[in-house]
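To start, the structure itself, in structure tokens.
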Amino acid sequence: MPRRLCETIVCLLVALIGVGTWLISPFAVVSGSMSPTLLGPHCEFTCEHCGTRNFRPLEAELPLDGRLSCRGCERTGPRAAELPVTPGDRLLVDRTAFAVRNPRRWEVAALRLPHEPSKIAVKRIVGLPGETVSLRGGELYIDGRREPRPAGLAHLALEKPRVPEPPTQWKLGGDEYFVLGDFPAVSDDSRLWQGGPGVAAQLLIGKPLIVHYPYRTLLWYGRPVHVPDVSSIRYIR
């Protein structure tokens, strides 16, 4: 094979890898704000009574006795302090998604935090540009009308922020989006930002597509070992 042809092929491969890495970027989930949709560092256990696999974000408050409860049968489980910490999910983000269309309500987005643009977070979009957003009785209201949750998202906890005199509604600018975490008790999101609730469109990075590298913690001779969990590879809703 001629040298010039080899050099051309190598250059093309390098360019394809570079462009592909920019278009689809890997990210690690570092907090529990999107649990259970996306898992940050957490502890987990499988209920010995019903077999349900349970996850608990590290930031979540614990009962006074430190014991976790099964979300399936609600029976008491092990103490959180006795469980090893499992690393957060790793996901792939499509950076081109919002270049060809506008973000949609209820979809998950990777973004730069308005008050700290050097930090990247993953949240769920619930308010669109120009809308007035309210959270009442665990429901989302847009411009005064209740916005029903789509099928598959009934687990979302739409709560007001746990602060003194929380706002009752938020008005978005013409290019701003209102975002929430799926686990609001530990989420830093639009409900809490002092500089305003909106995320400017230019701060949206892209749409997370798939959790491509979830972890599971197993015990090997009494020691925790983190292994890839192929059964938990999943599309992000």
Residue satisfying all of: in segment 64-86; surrounded by 18 or more Cβ atoms within 10 Å (Cβ to Cβ), of a type outside the set (A, V, I, L, M) and in contact with a Leu (Cβ under 9 Å, 6 or more places away or on another chain); farthest from VAL230 (Cα to Cα) among these: GLY77
Hey, LEU140 in contact with a helix residue (DSSP H, G or I) (Cβ under 9 Å, 6 or more places away or on another chain) and either in a helix (DSSP H, G or I) or without any contact (Cβ under 8 Å) to a residue 24 or more places away in the chain (or both) or not: no
Determine the pairs where a residue that is in the same structural domain as VAL186 (by TED's automatic domain parsing) and free of Cβ contacts under 8 Å to residues at least 12 places away in the same chain, located within segment 48-65, has a partner that is in a strand (DSSP E or B) and of a type in the set (A, V, I, L, M, F, W, C) with Cβ atoms under 8 Å apart, the partner being 6 or more residues away or on another chain. none
From the option list LEU172, LEU204, LEU140, single residue qualifying as farther than 15 Å from LEU111 by Cβ and among the hydrophobic types (A, V, I, L, M, F, W, C) is LEU140
Checking LEU192 against (1) crowded, with 19+ Cβ neighbours inside 10 Å; (2) without any contact (Cβ under 8 Å) to a residue 60 or more places away in the chain; (3) part of a loop (DSSP other than H, G, I, E, B); (4) not small (Gly, Ala, Ser): exactly one of these is not met. Which one? (1)
Hits in segment 78-106 (condition: within 16 Å of PRO208 (Cβ to Cβ) and in contact with a Pro (Cβ under 7 Å, 6 or more places away or on another chain)): GLY88, ASP89, ARG90, LEU91, LEU92, VAL93, TRP106
Taking ALA151, is it in a loop (DSSP other than H, G, I, E, B), surrounded by fewer than 15 Cβ atoms within 10 Å (Cβ to Cβ) and in contact with a Pro (Cβ under 9 Å, 6 or more places away or on another chain)? no
Tell me the residue from LEU204, LEU135, LEU218 that is surrounded by 15 or more Cβ atoms within 10 Å (Cβ to Cβ) and over 17 Å from the mean Cα position of the chain (by Cα), please. LEU135
State yes or no: is LEU12 modelled with pLDDT under 90, surrounded by fewer than 10 Cβ atoms within 10 Å (Cβ to Cβ) and not assigned by TED's automatic domain parsing to the domain that holds ASP188? no
Could you say whether any residue in segment 155-162 is crowded, with 16+ Cβ neighbours inside 10 Å, without any contact (Cβ under 8 Å) to a residue 24 or more places away in the chain, outside the structural domain of ARG71 (by TED's automatic domain parsing) and under 23 Å from ASN102 (Cα atoms)? no
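The values are calculated or read from the model by the stated rules, or taken from the named source; none is laboratory data. Computed from a predicted structure; not experimentally measured. Ideal geometry is used to build each Cβ from the backbone, glycine not excepted, and the neighbour counts take in all protein chains shown.
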